[in-house]
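The values are calculated or read from the model by the stated rules, or taken from the named source; none is laboratory data. Computed from a predicted model, the values in this text were never measured in an experiment. All Cβ positions, even for glycine, are placed from backbone atoms using ideal geometry, and neighbour counts span all protein chains on display. These accessible areas exclude ligands, DNA and RNA; they are computed on the full protein's heavy atoms, side chains included. Shrake-Rupley method; radii C 1.70, N 1.55, O 1.52, S 1.80 Å.
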Amino acid sequence: MPISVDFQKRISQLAEDCDCTRTELRTNMNVSSTALSSAITYGIIPTTKTLVKMADFFDVSLNYLLGKTESDNFIRSEKKVSFHERLSELCAEKNVSYYKVGLDCGIYDSLISHWFKKGFIPTIELIEILSDYFNVSPDYLLGRTDFKNWDTVFSLFLLYQTFVIEVNRLFKAFFVFICRIIAIFVDNGRRYI
């Protein structure tokens, strides 16, 4: 299993902020004590299913949990979609076969068919390769969110915030302008009385 210092730091911080014992944390996450302690102590990245349980518990994206982004913004999908459904949708959208995906990503096509026949979920490394190939987030590929690329959504949100701030600034400037005009008319009116 892969090891990540960034993941270790992030999972440790999230666990510390949780204000519960490791036993309570493990129970609430529904993960094994080995998986949780290995993650916190050594930064060992668990299976994708366990990683998803951890991310679901903390309500964060997989990229945030893995320490690959500083943005903890995450919007959970209202209707959970399976990895297999999402991969099928993405292949249809891109008009590619599983064989072509495997060829382009360096994944044996027998492994991909194994995911479907046995209902397995690939390792997080393969999820990341597939996410890059389809230009979607790992969370979208795994059906955890309905937003294909969270960075794009976050960028649009920041753009919207900037727009709202500018509109407010312009409204205030316009209001000040109108008040000055009214003051000039009131002042001029007094001179003629």
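In this structure, the residue pairs whose Cα-Cα separation is over 28 Å, taken from K9/K100; K117/K148; K9/K94, are K9/K100; K9/K94.
Largest GNM mean-square fluctuation across K53, K172, K117, computed for the chain with C-alpha springs under 10 Å, falls on K172. Computed about the Cα centre, the dipole magnitude for the chain is approximately 520 debye when only Lys and Arg (+1) and Asp and Glu (-1) carry charge, each at its Cβ. In this structure the amide hydrogen of N149, modeled in the peptide plane, comes within under 5 Å of the amide hydrogens of S137, none closer than 5 places in sequence on its chain. The residues of the chain expose on average 64 square angstrom of accessible surface per residue, using a 1.4 Å probe on protein heavy atoms. Using only Cα atoms and rounding to the nearest 10 degrees, what angle (0 to 90) does helix 33-42 make with the longest principal axis of the chain? For 33-42 against the chain, the angle is about 60 degrees.
Each residue of the stretch 48-60 was assigned a 3J(HN,Hα) from its phi angle through the Karplus expression (A = 6.51, B = -1.76, C = 1.60, θ = phi - 60°), giving 4, 4, 5, 4, 5, 4, 5, 5, 4, 4, 7, 6, 10 Hz with x at Gly and Pro. In sequence order, the stretch 73-85 has phi-based couplings of 5, 7, 10, 6, 5, 6, 10, 5, 10, 6, 4, 5, 5 Hz under the Karplus curve 6.51 cos²θ - 1.76 cosθ + 1.60, θ = phi - 60°, and Gly or Pro positions carry x.
Each label was represented as a point 7 Å from its Cα along the Cα-to-Cβ direction; for T162 and D146 these points are 2.7 nm apart. Computed from backbone phi, the HN-Hα couplings of the stretch 15-31 come to 5, 5, 5, 6, 6, 8, 6, 4, 5, 5, 4, 4, 5, 5, 7, 6, 10 Hz, rounded to whole numbers (Karplus: 6.51 cos²θ - 1.76 cosθ + 1.60, θ = phi - 60°; Gly and Pro given as x). Once the convex hull of all Cα atoms in the chain is built, its volume per residue stands at 188 Å³.
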